[in-house]
Amino acid sequence: MSASTTASTTETNASMDRRIAGLAALAVAIHVFESALPSPIPGLKPGLANVITLIVLFRYGWAAAGWVTLLRVVGGSLLLGTFLTPTFLLSAGGAILSLAALGLAGMLIRVGLGPVGAGAAAALGHLLGQLVVAWLLFIPHPGLWQLAPFLLAAALPLGIITGLVAAASLNHLRRLESIQT
Amino acid sequence: MRPPLVTAADLALIAVLAVAVGVALAASLGARESGETARIMVAGESLHELALDRDEAVTVEGPLGESRIEIRDGQARFASAPCPRRLCLQRGWIHSAGDSVSCLPNRVHLEITGNEREYDSIHY
């Protein structure tokens, strides 16, 4: 598990760039698809695009995961027509704190942390990021934070589900690779 | 052969996060319950802070004698007073933050405190 966090050194920068672009495109597709799904509570989504982020984190490291996430947020918003709108700012705030949470969680990969734990941390980070942006820019009222515990309680299981999907995908990828070689 | 989907470290981190979320939930629910209180002052000195969500009655001693204050169903009132005109009793039940009743003869003051005070009046 820990060996997979660093990119292969034989790979050139260009091929890594291409890989990041391809993964980001995949994440954008999931992001756009997910935005078409109705959400029971505004602001609460399964965060399926985060599956890609987790897979990239565990295969290519944190920096690659950061690139894929930022490209997804910008690319997804361009396709959805929300670039530089409040939706985009919320999404970006969530992504940035989610990446910070993944950076912290990434330190625990050495002691055996898998995608499920990382996904839970990322989901909570994402929600907190959105709340911070909402509070700073749109609703500077302390009452907003009364919502936080309930949204966090809902985000935690969603993050775990995302992590399980990512863990299953990573296992599948590993099995495919072992067949090829 | 195949690695497990969930590791022990995953469970440990999730447990820590769940406890943190649980504490935040408990704190926010607890804070909401104690949102409004009835403050009872005698001769300018705050003697009691009673939560409005618990029914109870207290008796305070003023210059004229004992005033009894009652809390029931989220409201507070003077239940008995030794003052001559009983104006404090006539005021009846009060419940919104900022509402108050003063019994000047016995120097007992009852007021509702809370985060969201209602306005006395609004001018445009």
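Laboratory data are not the source of any read-out in this text; all were calculated from the coordinates shown. Remember, predicted model here, so these are calculated numbers, not experimental data. Cβ placement follows ideal geometry from the backbone for every residue including glycine, while neighbour counts extend to all protein chains displayed.
What the table shows:
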| read-out | value |
| --- | --- |
| Some residue of region B:89-109 being of a type in the set (Lys, Arg) and either over 13 Å from the mean Cα position of the chain (by Cα) or more than 30 Å from residue A:147 (Cβ to Cβ) (or both) | yes |
| Check on residue A:70, among the aliphatic types (A, V, I, L, M), surrounded by fewer than 19 Cβ atoms within 10 Å (Cβ to Cβ) and within 11 Å of the chain's Cα centre (by Cα) | yes |
| Selected residue [surrounded by 12 or more Cβ atoms within 10 Å (Cβ to Cβ) and either acidic (Asp, Glu) or free of Cβ contacts under 8 Å to residues at least 12 places away in the same chain (or both)] from B:51, B:81, B:18 | B:18 |
| All positions within region A:151-168 that are facing chain B (nearest Cβ under 7 Å) and surrounded by fewer than 17 Cβ atoms within 10 Å (Cβ to Cβ) | A:153, A:168 |
| Residue in region A:88-105 that is of a type in the set (Phe, Trp, Tyr), free of Cβ contacts under 8 Å to residues at least 12 places away in the same chain and in a helix (DSSP H, G or I) present | no |
| Residue list for region A:53-67, restricted to those being in contact (Cβ under 8 Å) with a residue 40 or more places away in the chain and under 9 Å from the mean Cα position of the chain (by Cα) | A:53, A:54 |
| The listed residue being part of a helix (DSSP H, G or I), within 14 Å of chain B (Cβ to nearest Cβ) and of a type in the set (Phe, Trp, Tyr), out of A:33, A:58 | A:58 |
| Selection status of residue A:143, touching a residue at least 12 places away in the same chain (Cβ under 8 Å) and either over 23 Å from residue A:52 (Cα atoms) or in contact with a Leu (Cβ under 8 Å, 6 or more places away or on another chain) (or both) | no |
| The one condition in (1) in contact with a Gly (Cβ under 8 Å, 6 or more places away or on another chain); (2) part of a helix (DSSP H, G or I); (3) not polar (S, T, N, Q) that residue A:47 fails to fulfil | (2) |
